[in-house]
Amino acid sequence: MATEVRIDKWLWAARLYKTRPIATEACKKGRICQNGNTLKPSRMIKAGDIIDIRKPPVTWSFKVLKPIENRVGAKLVLEVLENVTPANQLELYEMSRLAAINGRARGTGRPTKKDRRNLDDFSSEGSSPIVLTDDSGLDDDFDFVVDDD
């Protein structure tokens, strides 16, 4: 096992990014930091380093437990890294996740098919067509029924 490994390889191997080119691109865009300094994809990291990953709106922090080059299974990720993200960032993540559950923002475009079906189901549940009868003998100029109670 290597004592040092490239950051882009480790990010991919630790399953923080789906592919290595995506991890490399994140490094090039300045989203991967260590001690406030952005890291290039070729930067070597070792056990004990703390890596910050900016995935807006949250900045995740991970401690490197094992520098690995080969991708591991999802169950083994906890042996490779430790999540040391501050509590305020976790709260921010939870708030953004809950906000996304509430639905689309106003003005984001037409409803999807699923949205349309939900609206149709909501509007048809428990509602029956309103039938107005004119038993009052009034002219047909009115759009409402007058009760003679």
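Values as computed for the structure displayed
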| read-out | value |
| --- | --- |
| Answer from 122, 62 - the residue that is modelled with pLDDT of 95 or more and not polar (S, T, N, Q) | 62 |
| Entirely in the stretch 1-101, the strands (runs of 3 or more DSSP E) that have 1 or more residues that are in contact with a Gly (Cβ under 9 Å, 6 or more places away or on another chain) and surrounded by 18 or more Cβ atoms within 10 Å (Cβ to Cβ) | 50-55, 58-64 |
| Residue tally, condition polar (S, T, N, Q) and at pLDDT below 90, over the stretch 66-109 | 3 |
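The values are calculated or read from the model by the stated rules, or taken from the named source; none is laboratory data. For clarity, every value in this text was computed on a predicted model and none was experimentally measured. Methodologically, a virtual Cβ is constructed for each residue, glycine included, from the backbone with ideal geometry; neighbour enumeration extends over all protein chains shown.
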